1. Among the residues that make up segment 258-266, is at least one of them part of a loop (DSSP other than H, G, I, E, B), farther than 16 Å from residue 51 by Cβ and modelled with pLDDT of 85 or more?
2. Scanning segment 130-187 for residues that are in contact with a Gly (Cβ under 6 Å, 6 or more places away or on another chain) and in a helix (DSSP H, G or I), which turns out nearest to residue 116 (Cα to Cα)?
3. Does segment 139-179 hold any residues that are within 23 Å of residue 4 (Cβ to Cβ) and under 14 Å from the mean Cα position of the chain (by Cα), and which are they?
4. I'd like the full set of residues that are in a helix (DSSP H, G or I) and either open to solvent by 10 Å² or more (accessible area, probe 1.4 Å) or farther than 23 Å from residue 77 by Cβ (or both), limited to segment 212-241.
5. Being farther than 22 Å from residue 82 by Cβ and among the charged types (D, E, K, R), is that true of even one residue in segment 41-56?
6. Hey, any hits in segment 9-23 for a residue that's free of Cβ contacts under 8 Å to residues at least 24 places away in the same chain, basic (Lys, Arg), out of contact with any strand residue (DSSP E or B) (no Cβ under 6 Å at 6 or more places or on another chain) and open to solvent by less than 70 Å² (accessible area, probe 1.4 Å)?
7. Of the numbered conditions (1) at pLDDT 95 or above; (2) out of contact with any helix residue (DSSP H, G or I) (no Cβ under 7 Å at 6 or more places or on another chain), residue 120 satisfies every one except a single condition; which is it?
8. Taking residue 148 as meeting all but one of (1) among the hydrophobic types (A, V, I, L, M, F, W, C); (2) under 23 Å from residue 190 (Cα atoms); (3) open to solvent by 30 Å² or more (accessible area, probe 1.4 Å), write down the number of the exception.
Amino acid sequence: MLDIIKADRLCKTFKVSAKQRRMENITATTHVAVDNLSFTAQPGEIYGLLGPNGAGKTTTLRMLATLIKPDSGDAIVAGRSIVNEPSAVRAAIGFLTSELKLEDYFTPNYLFDFFANLHAVPPEAAAKNKQLLFERFEISEFANVKVAYLSTGMKQKASLAISLAHDPGIIIFDEPTNGLDVITAKTVTDYLQDLRASGKTIILSTHIFSLVQKLCNRVGIIIDGRMITEGTLSEVCNGMDLENKFFELYVQTKGGSNTSTDTSANTSANTSTNTSTNTNDNNVANTNNTTNDNFTHRKAV
């Protein structure tokens, strides 16, 4: 089967400001976020990028979505280069990230129509797709309510629907269930499985082991911007539990024996309750962090 996504030796380095160096008590002037990262994804599968906070997952997805350019390397998405043909790549994908939100003064109805028009979707097709998605996510009743007055879960569902306004064949999700209550999270994960069944390719990032086990056909484990291992769950785990395998790889990569106290992983949750940052995802700009995660998960460091 041909690869619909092929990432080839992607690299991305960011400058570290003087303020950041003071705050983090470091001397390095640059930070390598992604380091020669390669992987492939095939049609009709869910591929998961698993790793701790700061591993390079979000940066990788942003490069695939052409929001930022790699310093070196390339990725072919639906036959198009993210470096040389970014517009064509954007037309082929839907992208949802936890760091973006819908603008408060617009309605789901308006935003869906806006993005469908932006992607040159014929009006009849857009109307049919909107009806299908709004009914599936129970948005219809709130279609003309301003985003500012929607619940967190409804904002998330509206964001998901809007990201799929042009019915893309490839969907890229950064932390798709982050901050959702259990009902909304199940609605989202069930729909991701339906998208896979319809032949679409989904790339998602997460630090939640149970989400990988539930959804992913294949998984790549990223630590410090590098792909440590990838494959099917059985290939990656090699007879071990996913969580235990992850921490084995983490210790081998980072050194030491107690990963729960490794502050470089940028999170205090090891195998405890996940009270994660609740962020409202979508395709428009601005960050809006809240906290309301009712999920209890086991997280990757």
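1. Scanning segment 258-266, I find no residue that is part of a loop (DSSP other than H, G, I, E, B), farther than 16 Å from residue 51 by Cβ and modelled with pLDDT of 85 or more, so the answer is no.
2. Applying the filter and picking the extreme gives 163.
3. Across segment 139-179, the qualifying residues are 160, 163, 170, 171, 172, 173, 174, 175, 176.
4. 213, 214, 233, 234, 235, 236, 237
5. no
6. Taking every residue of segment 9-23 in turn, at least one turns out to be free of Cβ contacts under 8 Å to residues at least 24 places away in the same chain, basic (Lys, Arg), out of contact with any strand residue (DSSP E or B) (no Cβ under 6 Å at 6 or more places or on another chain) and open to solvent by less than 70 Å² (accessible area, probe 1.4 Å).
7. Single failed check for residue 120: (1).
8. (2)
The values are calculated or read from the model by the stated rules, or taken from the named source; none is laboratory data. Note that this is a predicted model, so its numbers are computed, not measured. Here the Cβ is made from the backbone with ideal geometry for all residues, glycine too, and neighbour counts use every protein chain on show. All accessible areas refer to the heavy atoms of the entire protein, side chains included, with ligands and DNA or RNA removed. Shrake-Rupley method; radii C 1.70, N 1.55, O 1.52, S 1.80 Å.
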